[in-house]
Amino acid sequence: MILQCNPKAGYLAHKKEIDEACLRVLDSGWYILGGECLAFENEYSKFNQTEFALGVANGTDALELALRAIGITAGDQVVTVSHTAVATVSAISRVGAEPVFVDVLDDYTLDPEQLETVLKQIDAKAVIVVHLYGQPADMGLIMPIAKQFNVPVIEDCAQAHGALINNKKVGSFGIVGCFSFYPTKNLGGIGDGGMLVTSNKEVYEAAKVIRQYGWKERYISEVQGINSRLDELQAAILRIKLKYLQQSNQQRQKLAQFYFDNLFDTHLFLPAKRSGTEHVFHQFVVRTQNRDYLQSRLSEKQIATAVHYPKPVHQQPAYNDPKYCPLPLVNTERLCSQILSLPMYPELSENEVAAVSDAVNSILY
Ligand SMILES: Cc1ncc(COP(=O)(O)O)c(C=O)c1O
C-alpha cells in the first residue's frame, strides 16, 4: 500500500531525538507553557522572519486569536476563500464575524482581482489569505490592494511552513501569520499545536493575554480570554522537527519534481509554480475531469489519494448563506470536482512516486 500521508514516518525519521526530548519533558515536571514552549517560540520567530511568535493549542485557535487581537468583533465582515479547510472559516464565525468569500485562481489561491471588487462593495474589517497546499498566494498583488482599502491581512499558513516569496517567508507579509502543527502538516507534532507570528508588538501582546484566560496578571482577567496553550511535549517535539524542516521541504520539492517529470498524461492539470515563489508541496494536487474514476482505480492498485476538499465551504450546511457570496465562485465550484491529492510526504521514495506516476499514466490512457 502506498499511503497518501504518513506522520508516523516523520516520527521514525527522528525517533531517537524525539524520544529523548519527550523523556526530558516528562522528567522536568513542567508540562504547560514552560522553557520548551518559550524556546520554540524564539526559534520559530527567527525561522519565520518575524519578531514574535506565540504557541497555541492548534491552528484554528491561532486564527481566532489573530482575529481577536486585531480587534475583529461580532458582525464584522472578513474576506476569505471558500476553497480551504473549513477551519479558516470556523475561526471567523467563532469570533461572531461573517465570512465573505472570494474565488480562487487556477493555482488554488485567492484571486486578487475579485478581492479588489469585493473590497469596493463592502466595509471589510480583515482579509484571511490562505497559502493552500504549500503554494504561496500572490502577496505581491494582494498586499497593495488590502493597503489601498486599509484592511489588515492575516495569513493562514497552516499548509505552508517555510514557503517563500522572493526569499521572504509566508506569515511575514500580513499583520499576523497563523500556523497549524497537526501531525500531517509540513511541520507536524504528535498531537495538536499551533503558532501565531507577528512583528506587531501590540498584536502579540493582545493575543498572549487572550491565550490564557485574559490574564496579564495571574488569576486576574483583563479581557475574556480562552485556554489555548501549546504543551511542553509538543513544543519539545516541534523544536526537533523544526531543525529538519528545510531538509524535509526540499525532499517534498524533489518528489514534486519527480512527479512533474513522470506524469506525462496530457489530460492532467499539474500544480502551478509561480516564479519567485517557493512552493513547499504540503500536497501535490492534480486535476482531471475523471477524478472519481482515477481515484477508485488508484485505490484498486493500493495507492491512497485524498480530496482536499470535496465541498467548498460556502456549500456546506453550516456556511450556506447567500450573503457570504457577493460574487459567483466559478473556479471554486469547478475545481473541487476535479482535484486529487496524490501521495506526498518527505519519506515517500522515488520508486513509490514512479509507481504512482506509472499508475496514473496507465489509467488515463
Ligand atoms: C488551511 C488550514 N487552515 C487552518 C487549519 C486549522 O489547523 P488545526 O487543525 O491545527 O486547527 C488547517 C488544518 O487543518 C488548514 O489546513
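The values are calculated or read from the model by the stated rules, or taken from the named source; none is laboratory data. No experiment lies behind these values; they were computed from the predicted model shown. Cβ: placed from backbone, ideal geometry, glycine included. Neighbour counts: every protein chain shown.
Take the residues in region 52-88 that are more than 9 Å from the ligand (Cβ to nearest atom) and small (Gly, Ala, Ser); name whichever of them is surrounded by the most Cβ atoms within 10 Å (Cβ to Cβ).
Checking each candidate, the answer is ALA66.
Quick one: is TYR244 surrounded by fewer than 15 Cβ atoms within 10 Å (Cβ to Cβ), closer than 30 Å to LEU26 by Cβ and more than 16 Å from the ligand (Cβ to nearest atom)?
When the stated conditions are applied, TYR244 does not pass them.
Quick one: would you say VAL81 is among the aliphatic types (A, V, I, L, M), modelled with pLDDT of 95 or more and in contact with a helix residue (DSSP H, G or I) (Cβ under 8 Å, 6 or more places away or on another chain)?
yes
Just to be sure, is ASP61 among the charged types (D, E, K, R) and under 24 Å from the mean Cα position of the chain (by Cα)?
In short, yes.
Determine the pairs where a residue that is within 8 Å of TYR133 (Cα to Cα) and assigned by TED's automatic domain parsing to the domain that holds VAL170, located within region 273-285, has a partner that is outside any loop (DSSP other than H, G, I, E, B) and of a type in the set (Val, Ile, Thr) with Cβ atoms under 9 Å apart, the partner being 6 or more residues away or on another chain.
Pairs that qualify, where the first residue is within 8 Å of TYR133 (Cα to Cα) and assigned by TED's automatic domain parsing to the domain that holds VAL170 and the partner is outside any loop (DSSP other than H, G, I, E, B) and of a type in the set (Val, Ile, Thr): there are none.
Determine whether SER228 is more than 28 Å from LEU119 (Cβ to Cβ), at pLDDT 95 or above, out of contact with any strand residue (DSSP E or B) (no Cβ under 9 Å at 6 or more places or on another chain) and among the hydroxyl-bearing types (Ser, Thr, Tyr).
No.
Would region 134-148 turn up any residue that is more than 25 Å from SER275 (Cβ to Cβ), at pLDDT 95 or above, within 16 Å of the ligand (Cβ to nearest atom) and part of a helix (DSSP H, G or I)?
no
Each row is one residue, and each column tells you yes or no for (1) surrounded by fewer than 21 Cβ atoms within 10 Å (Cβ to Cβ); (2) within 13 Å of VAL151 (Cβ to Cβ); (3) not assigned by TED's automatic domain parsing to the domain that holds GLU155.
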| position | (1), (2), (3) |
| --- | --- |
| SER90 | yes, no, no |
| SER93 | yes, no, no |
| ASP106 | yes, no, no |
| LYS120 | yes, yes, no |
| VAL127 | no, yes, no |
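Which residue, of SER349, SER362, SER341, is in contact with a Phe, Trp or Tyr (Cβ under 8 Å, 6 or more places away or on another chain) and closer than 21 Å to LEU255 by Cα?
Selected residue: SER341, the only one of SER349, SER362, SER341 that is in contact with a Phe, Trp or Tyr (Cβ under 8 Å, 6 or more places away or on another chain) and closer than 21 Å to LEU255 by Cα.
Could you list, in sequence order, all residues of region 189-210 that are surrounded by fewer than 24 Cβ atoms within 10 Å (Cβ to Cβ), among the small types (Gly, Ala, Ser) and within 13 Å of the ligand (Cβ to nearest atom)?
Once the filter is applied, which keeps residues that are surrounded by fewer than 24 Cβ atoms within 10 Å (Cβ to Cβ), among the small types (Gly, Ala, Ser) and within 13 Å of the ligand (Cβ to nearest atom), region 189-210 yields only GLY191.
Of all residues being touching a residue at least 40 places away in the same chain (Cβ under 8 Å) and either basic (Lys, Arg) or more than 16 Å from the ligand (Cβ to nearest atom) (or both) in region 211-232, which is farthest from ALA62 (Cα to Cα)? Just the residue, please.
Per the stated criteria, the residue is GLU232.
Residues being within 12 Å of the ligand (Cβ to nearest atom) and either in contact with a Cys (Cβ under 8 Å, 6 or more places away or on another chain) or not assigned by TED's automatic domain parsing to the domain that holds PHE47 (or both): count how many of those fall in region 153-169.
5
If GLY177 satisfies every condition in (1) outside any strand (DSSP E or B); (2) in contact (Cβ under 8 Å) with a residue 60 or more places away in the chain; (3) touching a Ser or Thr at 6+ places or on another chain (Cβ under 9 Å) but one, which is the exception?
(1)
Scan region 3-19 for residues that are over 24 Å from the mean Cα position of the chain (by Cα) and surrounded by 12 or more Cβ atoms within 10 Å (Cβ to Cβ) and jot them down.
Result: GLU17, ASP19.
With touching an Asp or Glu at 6+ places or on another chain (Cβ under 6 Å) and aromatic (Phe, Trp, Tyr) as the only criterion, which of TYR11, TYR31 stands out?
On inspection, the qualifying residue turns out to be TYR31.
Being among the hydroxyl-bearing types (Ser, Thr, Tyr), surrounded by fewer than 18 Cβ atoms within 10 Å (Cβ to Cβ) and within 26 Å of PRO112 (Cα to Cα) narrows it down to one of SER341, SER296, SER349, SER337, so name that one.
Within the list SER341, SER296, SER349, SER337, the selection yields SER337.
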